[in-house]
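Values in this text are rule-based calculations from the coordinates and carry no lab data. Given the structure is predicted, the values throughout are model-derived calculations rather than measurements. Note that each Cβ is placed from the backbone with ideal geometry, even for glycine, and that neighbours are counted across all protein chains shown.
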Amino acid sequence: MTKLLDQAIEKARALSASRQDDAAMVLLSMLEQDDPTSPRLTDEQVAEVRRRQELRRYATDDEVSAFFERIGA
């Protein structure tokens, strides 16, 4: 184990149980990303996700306000 990981674990031990769980979830998530058996998107799927992100149109503040006025919220 590296010194940096040792330091991080020591600091995590001082956290509340809830925050320790948060830290563990972050570390486990990172480790799962390196797992070669984890599902991966194909290059075509990545390209499709990027294409759809570019097409996304977000509502303006005025459009959001008008929506909430219409529904009476």
If the chain between residue 50 and residue 15 were fully extended at 0.36 nm per residue, the gain over the current Cα-Cα distance would be 8.8 nm
The simple spin-label model distance between residue 24 and residue 62, using points 7 Å out along Cα→Cβ, in nm, is 5.2
Residue 38 and residue 71 label points (each 7 Å along its Cα→Cβ direction) are spaced in nm at 3.4
